[in-house]
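In what follows, a structure is listed as C-alpha cells, so that the remarks can point back to it.
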Amino acid sequence: MSKVNEFILGHPQAVLTTHRRDGGLQMSPIRVLVDAQGAIVATTRAATAKAKNLLRQSDCAICLMTEGWQGPWLTIEATAEVLTLPLALAGLRELYLQRDGVVASPEDFAEAMAAEGRVLLRFTATRVGGTAETD
C-alpha cells in the first residue's frame, strides 16, 4: 500500500475543492476511503454542488490533515469520476461496509442508495504533496 493510501486510511476527513460553473472554487467536507483496488473513493448525493461540479469538470483537489490540526497533512490533485446507480452500487456497498462494518441486505441497501440519490466518487491522483508524503 502506498504512503498516500496509508495516510488516507488513518485520516479520512478531508476537504474537497471543485470548480464552480463561473470558475470560482467550491469546497466541501468529505470522508475519503481507499477501495480494494487502491482507488480513493467517497460518496455524496447526485444533487450536491460537488457532484454537479465534478460532472462538469473532473479536476479537483483534496486536502487531508490530522484531527488535531497540528501534524502531517496531504494534498492530492486529482481527476474524479462520478459513478451513478446502478453502476455505482457495488462500490457504494464496499465503501459503506468498510466505513461502517455492516450494511443492509442487498435489496434494502440498493433501495436506500436510490432513495438518497447516492453516487460514488472515484479519484485518480495526478499530483501529491504535503508533509505526510515525505514523512
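The values are calculated or read from the model by the stated rules, or taken from the named source; none is laboratory data. As the structure is a computational prediction, the values presented were derived from the model and not from experiment. Heads up, the Cβs are rebuilt from the backbone with ideal geometry, glycines too, and the neighbour counts pull from every protein chain shown.
So that you can scan it fast, the table gives a plain yes or no per residue for (1) among the basic types (Lys, Arg); (2) out of contact with any strand residue (DSSP E or B) (no Cβ under 7 Å at 6 or more places or on another chain); (3) farther than 16 Å from Thr126 by Cα:
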| residue | (1), (2), (3) |
| --- | --- |
| Phe7 | no, no, yes |
| Arg21 | yes, yes, yes |
| Gln26 | no, no, yes |
| Ala39 | no, no, no |
| Ala46 | no, no, yes |
| Ile62 | no, no, no |
| Pro72 | no, yes, yes |
| Ile76 | no, no, no |
| Glu94 | no, yes, yes |
Q | Residue count, the stretch 19-48 (criterion: over 18 Å from Ile62 (Cβ atoms) and among the polar types (S, T, N, Q)) | A | 0
Q | Pairs where the first residue, in the stretch 69-83, is aliphatic (A, V, I, L, M) and the second is at pLDDT 95 or above and not in a strand (DSSP E or B), C-beta under 6 Å, 6+ apart | A | Ala80/Leu54; Ala80/Ser58; Val82/Ala51; Val82/Leu54; Val82/Leu55
(Q) Quick check on Ala110: is it in a strand (DSSP E or B), in contact with a helix residue (DSSP H, G or I) (Cβ under 7 Å, 6 or more places away or on another chain), on the phi < 0 side of the Ramachandran plot and in contact (Cβ under 8 Å) with a residue 12 or more places away in the chain? (A) no
Q. Considering only the stretch 113-135, how many residues are touching a residue at least 40 places away in the same chain (Cβ under 8 Å) and either in a strand (DSSP E or B) or β-branched (Val, Ile, Thr) (or both)?
A. 13
Q: Name the residue, out of Leu97, Leu25, Leu9, that is closer than 25 Å to Gly130 by Cα, without any contact (Cβ under 8 Å) to a residue 12 or more places away in the chain and surrounded by fewer than 19 Cβ atoms within 10 Å (Cβ to Cβ).
A: Leu25
Q) assigned to a loop (DSSP other than H, G, I, E, B), among the hydrophobic types (A, V, I, L, M, F, W, C) and at pLDDT 95 or above, is that true of Leu97? A) no
Q | Single residue of Ala104, Ala114, Ala36, Ala42 found to be surrounded by fewer than 19 Cβ atoms within 10 Å (Cβ to Cβ) and closer than 21 Å to Lys3 by Cβ | A | Ala36
